[in-house]
Amino acid sequence: FEIIGYRLIKGLSPGEYVRSGAFVVGGYRWSVRFYPGGFSPPHRAHVSAFLKITTNSARAWARFDLRLLDRATGLSRSVHRAAAPVVFDYSAAHKKCKGKRGARAFMPRAELEASPYLRGDRLTIECVVDVVVAAGEAVAPPPRRLRAPPPDLSKHLGDLLDQQDLADIAFQVGGEVFRAHKVVLATRSPVFMAELYGGMKEKGMERIAIDDVQPLVFGALIRFVYTDVLVLPGDLEGDDCKEMVRHLLEAADRYGVERLKLVCESILCRSLDGNTVETTLALADQHYCKALKDVCVQFMSLGLEG
């Protein structure tokens, strides 16, 4: 249990505490409580520390050891321990008096603050817990954990693009129209941010003509902006596919979509050949793609050596 910023909590009143995150031992949940102002007014000259069971209605026997880490040596020292098992009872009738065990006079505060345990405004309390189970008795099952589903934000944004609900901007690209949402585009592209919300914005602008990007390329760019996934047409193969990736790299650079630019660089690096290396090198040089340029130069030097 690492406390960062001790000076921010040292002024807490007696009875006030900070708590570690929950951890599981022997099928029960536990946490450590640290009282920088003491457990109660009679203990205000000391800091107090307790181990608490937090599993509802649980009753367990355990040995424990509360230790302080020496930040200079990396070694820890036992400050309070229960060598014999003690009962932790978190039932409604006993949780206040038996739900936690520890030391009200854990260490004099002045001693702690002058010790090597407190350095850089940090204090680390280690807790070793050994749950004791009687012969023939089963350890409590660990608390059930629900598995979270995989992230699906990109799917929902892709659906938003496809359904065009609430679309508030249109792009005329060749003979095709692409409808989109200004806030999504501006969030993902500094160029779209400037065009749609900044000084480049034209009053009443609801449709923008794009003259120097192919519709297929612009569509892939917009889909990547929404989903972070590059989708290439399935009917493109070989040189046609490479050519589209080169155009996509140009579009990504133009609109400041850096991740798409890197994805395109990676594809072009893996697909270099003698017929395309010079074209790709010129592209890399024009759009400041250092990694791609280095790969092209290395490829060409190997070819010359051969």
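Points worth noting:
- Considering (1) of a type in the set (Gly, Ala, Ser); (2) on the phi > 0 side of the Ramachandran plot; (3) free of Cβ contacts under 8 Å to residues at least 40 places away in the same chain, the lone condition that residue 26 does not fulfil carries the number (3).
- Among residues of segment 238-264 that are crowded, with 20+ Cβ neighbours inside 10 Å, those with a Cβ under 7 angstrom from a residue that is of a type in the set (D, E, K, R), sequence gap 6+ or separate chain, pair up as 249/261; 249/265; 252/261; 257/188; 261/253.
- Here the strands (runs of 3 or more DSSP E) wholly within segment 119-212 that include at least 1 residues being small (Gly, Ala, Ser) and either at pLDDT below 80 or surrounded by 11 or more Cβ atoms within 10 Å (Cβ to Cβ) (or both) are 169-173, 176-180.
- Residue match in segment 47-68 (condition: touching a residue at least 40 places away in the same chain (Cβ under 8 Å) and over 26 Å from residue 132 (Cα atoms)): yes
- Those residues of segment 219-228 which are free of Cβ contacts under 8 Å to residues at least 60 places away in the same chain and under 15 Å from residue 256 (Cβ atoms), in sequence order: 221, 224, 225
- Residues of segment 285-306 that are within 15 Å of residue 248 (Cα to Cα) and within 32 Å of the chain's Cα centre (by Cα): 287, 288, 289, 292.
- Per the conditions (1) under 30 Å from the mean Cα position of the chain (by Cα); (2) over 27 Å from residue 181 (Cα atoms); (3) among the hydroxyl-bearing types (Ser, Thr, Tyr), the sole criterion not satisfied by residue 255 is (2).
The values are calculated or read from the model by the stated rules, or taken from the named source; none is laboratory data. Note that the structure is a prediction, hence the values are computed from the model and not measured. Glycine also receives a Cβ, built like all others from the backbone with ideal geometry; neighbour counts cover every protein chain displayed.
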